[in-house]
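> Below: one structure in structure tokens.
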Amino acid sequence: MLRISDFSILSQLSTKMLRHYADIDLLPPGFIDESTGYRYYYEHQLAVANKINMLKTMGFSLQLIKKILYEYDKDIHLMKFLNMQAAQLQEEINEKQDKILLINSMIKHLNAQKDASKYTVTAKKIPQRRVIYLRAQLKQYQDETLLWTKLSRIIRARNIRLSYPHYNTAVFYEEDVQNQRIDVEVQKSISGDYENLREANIKTENEQTVASFIYEGHYNKLSEVNETVAHWILDNDYELNGPQFNIYHISPEEANESANLLTEICFPIKKKTNSVGCTEFD
């Protein structure tokens with residue numbers, strides 16, 4: 001048998017760590033001298049110590065290592081845990097790669113813009129929600145206000161309850177260039193079910209991952225904003241995944257002047273399918 005000091009040298013585990021392993025029944029000593037309290041280990045326990053060190057290096061917790069050693073004694077069970085750990089570590093690598101892309105993208109824009117704080121784009125999730133909506137072909141973007149006025153009138157007339165938090169959303173579909181029409185849908189998120197609404201429609205919008213940009217004031221720099229978001233999407237290995245939409249946190253109906261407008265510009269995105277080593281955003 002080996003004294004704890006000798007076992008510590010051979011196993012490359014400190015005596016303090018060996019005592020901790022003994023306390024949690026991970027690697028108890030083979031024998032304890034009752035008269036002296038000295039701890040001794042069998043030589044074959046070195047193989048157990050080496051296996052513990054190996055599994056710790058792979059990222060397994062002590063609690064899980066204990067289960068692997070003493071509850072799952074077959075290689076097939078160890079293989080299962082190794083595959084699970086490999087998958088988890090790969091997911092962590094993917095998340096770190098996404099963070100590196102975000103950091104590099106921010107560095108790039110900091111170098112490119114004098115006032116980079118104006119151009120902060122983030123990836124976020126817009127939750128699933130029930131909405132009442134109107135969709136129409138408009139001659140110009142300013143006519144969007146007419147749709148909002150009509151939708152608000154319907155909501156008041158039918159006593160429709162708005163949800164909390166609330167989303168006032170305008171979705172912009174592809175323009176009809178030939179007929180010079182803009183396809184716009186305005187939505188308000190609601191709570192409850194309503195039937196026989198002839199004037200408007202109700203549907204469920206699924207959760208969406210978006211590139212989000214908070215825009216303050218008049219919309220005279222939207223083209224610059226769209227360019228910034230487009231570069232951010234490419235830099236972070238995303239691609240578009242649906243029509244662009246705006247969430248009006250302070251809408252033209254509510255703002256006293258255009259300088260007080262607060263709009264969240266959202267571009268639905270997903271990770272590029274041909275990206276190597278990346279997963280969908282979480």
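> Confirm whether residue 14 is surrounded by 15 or more Cβ atoms within 10 Å (Cβ to Cβ) and more than 25 Å from residue 88 (Cβ to Cβ).
no
> Taking interchain pairs and intrachain pairs at least six residues apart, which have beta carbon atoms under 7 angstrom, with the first residue in region 171-200 and farther than 17 Å from residue 142 by Cα and the second of a type in the set (Gly, Ala, Ser)?
189/163; 190/163; 191/163
> Quick check on residue 233: is it of a type in the set (Val, Ile, Thr) and within 24 Å of residue 146 (Cβ to Cβ)?
In short, no.
> Separate question: Confirm whether residue 139 is among the basic types (Lys, Arg) and surrounded by 14 or more Cβ atoms within 10 Å (Cβ to Cβ).
No.
> Here is a follow-up. Among the numbered criteria (1) loosely packed, with under 12 Cβ neighbours inside 10 Å; (2) over 24 Å from residue 103 (Cα atoms), which single criterion is violated by residue 224?
Of (1) loosely packed, with under 12 Cβ neighbours inside 10 Å; (2) over 24 Å from residue 103 (Cα atoms), only one is false for residue 224: (2).
> Filtering region 227-266 down to residues that are among the polar types (S, T, N, Q), modelled with pLDDT under 85 and crowded, with 16+ Cβ neighbours inside 10 Å, which residue is nearest to residue 174 (Cα to Cα)?
Per the criteria, the residue is 228.
> Now a separate question. I need the full set of residues from region 17-58 which are part of a helix (DSSP H, G or I), within 30 Å of residue 80 (Cβ to Cβ), open to solvent by 70 Å² or more (accessible area, probe 1.4 Å) and not β-branched (Val, Ile, Thr), in order please.
The answer is 20, 23, 50, 51, 54, 56.
> For region 183-193, which positions are of a type outside the set (Lys, Arg) and within 18 Å of residue 168 (Cβ to Cβ)?
Hits for region 183-193 are 184, 185, 186, 187, 189, 190, 191, 192.
> Hey, another quick one. Could you grab the pairs with beta carbons closer than 8 Å, sequence gap of 6+ or different chains, first residue in region 151-167 and surrounded by 12 or more Cβ atoms within 10 Å (Cβ to Cβ) and assigned to a loop (DSSP other than H, G, I, E, B), second one of a type in the set (A, V, I, L, M, F, W, C) and at pLDDT 90 or above?
From residues that are surrounded by 12 or more Cβ atoms within 10 Å (Cβ to Cβ) and assigned to a loop (DSSP other than H, G, I, E, B), the pairs are 160/132; 160/154; 160/190; 163/190; 167/126; 167/131; 167/247.
> Moving to a separate point now. Taking the condition of being more than 24 Å from the chain's Cα centre (by Cα), under 26 Å from residue 207 (Cα atoms) and at pLDDT 90 or above, how many residues in region 116-158 meet it?
Adding up the residues that qualify gives 12.
> Among (1) of a type in the set (A, V, I, L, M); (2) assigned to a helix (DSSP H, G or I); (3) under 22 Å from residue 136 (Cα atoms), where does residue 234 come up short?
Single failed check for residue 234: (3).
The values are calculated or read from the model by the stated rules, or taken from the named source; none is laboratory data. Just so you know, these numbers come straight off a predicted model, no measurement behind them. Heads up, the Cβs are rebuilt from the backbone with ideal geometry, glycines too, and the neighbour counts pull from every protein chain shown. Protein only, heavy atoms only, side chains kept; ligands, DNA and RNA dropped before computing areas. Shrake-Rupley method; radii C 1.70, N 1.55, O 1.52, S 1.80 Å.
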